1. Roughly how many Å is it from the Cα centre of the stretch 141-220 to that of the stretch 3-61, as a whole number?
2. Along the stretch 330-344, what does the Karplus equation 6.51 cos²θ - 1.76 cosθ + 1.60 (θ = phi - 60°) give for ³J(HN,Hα), rounded to whole Hz, x for Gly and Pro?
3. Given charges of +1 on the Cβ of Lys and Arg and -1 on the Cβ of Asp and Glu, with all other atoms neutral, how large is the dipole of the stretch 88-195 about its Cα centre, in debye to the nearest 20?
4. With θ set to phi - 60° and the Karplus curve 6.51 cos²θ - 1.76 cosθ + 1.60, what are the ³J(HN,Hα) couplings of the stretch 229-240 in order, to the nearest whole Hz, using x for Gly and Pro?
5. If each DSSP helix of 4+ residues adds -39,500 (n - 2.57) and the sum is divided by the residues in the chain, what number results at 222 nm, nearest 500 deg cm²/dmol?
6. Place +1 on the Cβ of every Lys and Arg and -1 on the Cβ of every Asp and Glu in the chain, take the dipole about the Cα centre, and give the residue among A147, L269, T348 whose Cα lies farthest towards its positive end.
7. What shape does the stretch 267-312 take by its C-alpha gyration tensor, where a ≥ b ≥ c are the square roots of the eigenvalues and a/c under 1.5 counts as rounded, a/b above b/c as prolate, and the rest as oblate?
8. If you build a Gaussian network model of the chain, linking Cα atoms that sit under 10 Å apart, which residue out of Q175, Q315, Q274 swings the most?
Amino acid sequence: MTDYRLRLPGPTSVPERVREAMARPILSHRGPEFTAILRRTEELLQPVMGTRNRIFFFASSGTGMMEASLVNILAPGERVLVATHGAFGERFAEIARALGATVDPLDIPWGCGVDPGEVRRRLSAAEYRAVVVVHNESSTGVAADLAGIGAAVRETPALLVVDSVSGLGGMEMRQDEWGIDILVSASQKCLMCPPGLGVVSMSEKAWSVVQRTGGLPRYYWDFRKARTSAGKMETPFTTPVALVAALHEALGMIHEEGLPRVLARHRRLSALLQDGCAELGLAPFARIAGLSATVVCLCVPEGMDGKDIVRGMYQRHGTVIAGSRNKLAGKVIRIGTMGAITEGDIVTDLHYLKQTLQWLQETRDER
Ligand SMILES: *Cc1c(COP(=O)(O)O)cnc(C)c1O
């Protein structure tokens, strides 16, 4: 599998160091050897999340953490404002509806960003339990102005719930400073680990809602249990110890490189890929400033189908990129610029993209 290049916006390729950390003997999840690793993992993750809150770890994909964030703060029928400017925002709205919330979508055209002024207007017009925003819309390549949104939400009783599954570790995150009440993420994107480990941290404002009586029923996801266990440096149920060992190693790598350097590398390499793609005639899907530094989402040229580009990249170059599985299917292609990527990866991506586009052009001309 040496010529297999995983270039998706998640899961991302896992560095050898991290894979080796996972191969070590499995430890008791309540023994001193493992709780030391868990403690250090939390300490290393706090600055990446920009928080001094405790961090809870769950065996879960990102979507599980999205559900966990809402099931812990809602009571039946409560109102939430959900920014729906991409597939993950829409998923968040679906989860909220499934939990019996009254969902007001903040309808924004896909490819555009969330306007903090609009959030402020909506918050003054109705009372909300929560404002729900995706930090980095992986379906469109747009990042949210969380500082601005946080400032709007902070003055109200509403909680700010943020999905940074595809941002955390690749884009700046300042949970405490920006006033994010619940921040969820997962292991398989910028954090350079395999899928399966979810992380969440909550503010004191969120905790006061989480622990009230009359909220939704919950068990596995219950943050009250997680908080009690965190007091003993444990998780309520069996911890995915190999994945925590992986995250411990990956965070060690981030801290060795230096978080500011890691974030600058994501910005630089993402700009490099965007510029190179523009030269190949692939324009960004979003027409705004505030593009993601971790996902490049590109419009497919007229007369071409994105699925053919994705297939060509895989079959001819062993390079796995993403298309789209929603209303943009066939119209966009997406490439991750997240995690353990180098300039060499981007140069290689561009080379293969150029060849794939030429090949598609030629086969079309022959027909
Ligand atoms: C990848 C991703 C998720 C998580 O999806 P899972 O498949 O459940 O891990 C959630 N939100 C965003 C923005 C993502 O990019």
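1. A separation of 18 Å, based on Cα centres.
2. Those phi angles translate into x, 9, 10, 10, 9, 10, x, 10, 10, x, 7, 9, 10, 4, x Hz.
3. Magnitude of the dipole: close to 140 debye.
4. These are the phi-based 3J(HN,Hα) values: 5, 4, x, 9, 6, 9, 10, x, 10, 4, 6, x Hz.
5. It lands at -13500 deg cm²/dmol.
6. It is A147, whose Cα lies furthest towards the positive end.
7. It comes out prolate by the Cα gyration axes.
8. The residue that fluctuates most here is Q315.
Throughout, read-outs are computed from the coordinates displayed, never taken from laboratory work. Not measured: the values here are computed from a predicted model. Every residue, glycine among them, receives a Cβ derived from its backbone with ideal geometry; neighbour counts consider all protein chains shown.
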